[in-house]
Amino acid sequence: MARYGGRSAHVQGDTPFPTRQLAILALCRISEPIAFMSIFPYAYYMVQDFNVTEDHGKVSMYVGMITSAFAFMECVSGIFWGRLSDKVGRKKVLLGGLFGTGLSMLLFGFAKSLPVAMFARALGGALNGNIGVLQTTVAELVTVEKHQPRAYSIMPSVWCLGTIVGASLGGVLARPALSLPAVFEGTIFETFPYLLPNLVCTGGVVFGLAVGFLFLEETHEDRKFDQDRGIELGQWLLQKVRRAPAYQPLTDKDEPLDELTAMLENDDASAYRSTDTSPTLCSSRSSLSEPPPLTLEKEFVCTPTIRDAFTKQTCLNIACYGILAFHTISLEQLLPILMSREESTGENRNLPFYFKGGFHLSTQTNGLILGIQGILQMVAQLIIFPWVSKKIGSLRTFSLTIALYPFLYMLAPYLALLPKNLRIPGIVLILVWKVTAQAMSYPCLAIMLANASPSKKLLGTLNGVAMASASVMRGFGPTVSGATDAVGDQIGMSGLAWWTIAAVAMIGWGPCLFMKEPRRKTAGSGLKDEEAALGSDTDSVCTLAPDEEAEERLLK
């Protein structure tokens, strides 16, 4: 295998960036942040309309319960969806998650009480395992390490774009009978004041489902050669519309076959000139025009087990996911509450810790501000993160970002004390800080987890566990921060919840001290690295490597 290392590196260097499939994946993905983010501008007012409490200080606690319902159920089901994607493929699970999102949004729009709203959000979390499966899909599409910063910045950028649209929709379309009484008064949207934004978001989910069914290709190495009726229908429709020649799928993602090309080539580069005109060696709907002139040595590798996935580095990464998710989702909840809460009257103020107040902004203004943060995060995601990551590496980027998070949380509650003419600039400062940190932290973790995985066959499971870790913390985060904020409001300390999550963020810096910068395995070294990672585990099952099974099929 060693003698093919140089040739393999050459092939990897020539591997094109998977633009087509990442674009299709982005179109499927964008509907979820739109649906998720649309509830934040009006959640505070929705809970008030439920009349579950006369104490306005406790409203934030119930808002946290609604947010947590989704995250807790996503945690419970996350590992299941990750494991299922390892068995049946990524595409089926991704489409199922989109369906669950659409169904939960419809139910949420019709909610007239807190239990119904929580059930709708819980159902959405239970049926949606897309975060981990999405990360796995990207990892399988991106087969070259130098493409990783660019590729892993795309999905978070799509999330940012979705938050812009979602926050704007939620802020503008919520309670339409109040904002446009001439149009909506006396209609169903007066009876269900939060139905309209959820209907629009459901329409976006249906669009994502259609795009995914027709054009998204399977990336699982054992399933991507299966027949896909959706792809066939999509290509038939494209040919009818554009009268274009038949499209050969898998040209962007056939890494195992690119590696196969490298292993089959000998020192004489002319051996495979007959395939030079093809974008890849082969695809699921094409065949070799002539068989390779080489005989192959069968090589046996050990199929990894679940236990093999949890190395020291992957466990540290999963822990970081959980801690990061806890304080970032708490921030997502506390910021709209700060913007919605009544302004400070100056009574019972005893600085630096005892003070109360917010900005008392409308749902429309909240939606606009949260939309602006999406624009800022897109800039940070597409421009700042790839540049910084290439310069100093994923681990250093993550460590630096985590070290600065506590200062953000300690500063934020004091914005309520600023004069009115300085409050908006203060919010903009916090937003820039917040979105830059998020643009740096999550993609770095995704890259390090993908590179630390002992085998691509374990990526679905690892990402499922990582997302389950993040989900359970996203469940506790809003509940704990909401309850802490309610206590802080009662004792006259509005910053109590903020300072609590600042302490959690400080704890999150600990695992960084023990993490290492993993590198993507090249084709030439992948077998040895995988065997070293797996060790001599007697539970592993030795079988013919999947790539070599493909070799035998091709030779036949």
Look through segment 118-167, keep the residues that are farther than 21 Å from Ala437 by Cα and basic (Lys, Arg), and return whichever of them is modelled with the highest pLDDT. Arg121
Can you tell me which residue is least open to solvent (accessible area, probe 1.4 Å) among those in segment 403-457 that are of a type in the set (Phe, Trp, Tyr) and under 30 Å from Val142 (Cβ atoms)? Tyr405
Filtering segment 85-113 down to residues that are open to solvent by 20 Å² or more (accessible area, probe 1.4 Å) and either outside the structural domain of Leu25 (by the TED database) or of a type in the set (A, V, I, L, M, F, W, C) (or both) yields Val88, Leu95, Phe99, Leu103, Leu106, Leu107, Phe110
Going by the structure shown, is Gly171 modelled with pLDDT of 80 or more and under 30 Å from Glu221 (Cα atoms)? no
Residue hits (segment 180-211; among the small types (Gly, Ala, Ser) and over 19 Å from the mean Cα position of the chain (by Cα)) are Ala182, Gly186, Gly203, Ala210
Just one of (1) surrounded by fewer than 21 Cβ atoms within 10 Å (Cβ to Cβ); (2) over 30 Å from Asp222 (Cβ atoms); (3) without any contact (Cβ under 8 Å) to a residue 60 or more places away in the chain trips up Ala120, so point out which. (1)
Pairs, please: C-beta under 6 Å, at least 6 apart or cross-chain, first residue within 14 Å of Gly64 (Cβ to Cβ) and in segment 327-354, second modelled with pLDDT of 80 or more and β-branched (Val, Ile, Thr)? His327/Ile501; His327/Val504; Ser330/Ile501
When you scan segment 385-484 for helices (runs of 4 or more DSSP H) that lie fully inside it, which ones turn up with 3 or more residues that are of a type in the set (S, T, N, Q)? 394-411, 420-452
Note down all Cβ pairs under 9 Å where the first residue falls in segment 414-442 and is within 18 Å of Cys160 (Cβ to Cβ), the second is surrounded by fewer than 21 Cβ atoms within 10 Å (Cβ to Cβ) and of a type in the set (Phe, Trp, Tyr), and they're at least six residues apart or on different chains. Trp433/Phe407
Tell me which residues, restricted to segment 483-501, are more than 17 Å from Glu332 (Cα to Cα) and open to solvent by 40 Å² or more (accessible area, probe 1.4 Å). Val487, Gln490, Ile491
With respect to Val504, determine if the residue is modelled with pLDDT under 85, among the β-branched types (Val, Ile, Thr), buried (at least 19 other Cβ atoms within 10 Å of the Cβ) and in a helix (DSSP H, G or I). no
Would you be able to tell me the number of residues in segment 4-22 that are of a type in the set (S, T, N, Q), modelled with pLDDT of 65 or more and part of a helix (DSSP H, G or I)? 2
Do any helices (runs of 4 or more DSSP H) entirely within segment 134-216 hold 2 or more residues that are in the same structural domain as Ala35 (by the TED database) and touching a residue at least 24 places away in the same chain (Cβ under 8 Å), and if so, which? 148-173, 195-215
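The values are calculated or read from the model by the stated rules, or taken from the named source; none is laboratory data. Just so it is clear, the structure is predicted and the values come from calculations on it, not from any experiment. FYI the Cβ positions are ideal-geometry reconstructions off the backbone, even for glycines, and counts take in every protein chain you see. These accessible areas exclude ligands, DNA and RNA; they are computed on the full protein's heavy atoms, side chains included. Shrake-Rupley method; radii C 1.70, N 1.55, O 1.52, S 1.80 Å.
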